[in-house]
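Right, one structure below, let's go through it.
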Amino acid sequence: MELIFASHNENKVNEIRAVLSKDIHLLSLNDIGFHQEIEENGNTLEENSRIKAETIYKIYGKNVFADDTGLFVESLEGAPGVYSARYAGTGNSADNIEKLFKELKTKSNRKAYFKTVICLFWKNEIHFLSGEIHGEIIDEIRGSEGFGYDPVFVPESYGLTFAEMDLNEKNQISHRAGAVQKLINFVENN
Ligand code: IMP
């Protein structure tokens, strides 16, 4: 059974390929020869993941999924949320973190969560699967692993930031891992 991951990011594709059963043949956008960027102009993770998956589904009519992730900070009414990648306007992680520190300067509530939504077109039906991890934003940068907001996010009941953790450890508990596990269970049982 073929399944397309509507992503150009081969690292993400390989990560999922490694944990899928051999019966499912995972293809990236590069594998199917789709080289355009898909504009993510939705206002929610659901909308953005759907835009990506549906674009490919409409062209190829095959099983396909796409993901979208955001960091939601409680005292900032859920910002940066769906705009996490370009929070500071530059697309640069250091700038995004600097902006986050500035916005949180006067706030005592530092609770936040990462959420990943996967939109899946499977046997001509649409499904949404998601994963979350809750924790808090600290007021300094710690660690050098990972990417994005990892150096400032400490998951609940852990003393380390995502960037201080071993990548395997992060990948066992993360928002993305939660959503991907649901995806795998679904496609392997349906
Ligand atoms: P994407 O939808 O996976 O491209 O994620 C959107 C943005 O959310 C990224 O550009 C990062 O800023 C942030 N982000 C997503 N996943 C993570 C993560 O695991 N750690 C830290 N930041 C993340």
Going through 169, 136 one at a time, which residue ends up being out of contact with any Ser or Thr (no Cβ under 8 Å at 6 or more places or on another chain) and assigned to a helix (DSSP H, G or I)? 169
When the stretch 8-56 is checked residue by residue, the ones that are among the small types (Gly, Ala, Ser), touching a helix residue (DSSP H, G or I) at 6+ places or on another chain (Cβ under 6 Å) and closer than 27 Å to residue 80 by Cα are 42
Note down all Cβ pairs under 9 Å where the first residue falls in the stretch 81-104 and is more than 20 Å from residue 163 (Cα to Cα), the second is at pLDDT below 95 and near the ligand (Cβ under 9 Å from one of its atoms), and they're at least six residues apart or on different chains. 82/40
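The values are calculated or read from the model by the stated rules, or taken from the named source; none is laboratory data. Computed from a predicted model, the values in this text were never measured in an experiment. Note: ideal-geometry Cβ built from the backbone for every residue, glycine included; neighbour counts use all protein chains shown.
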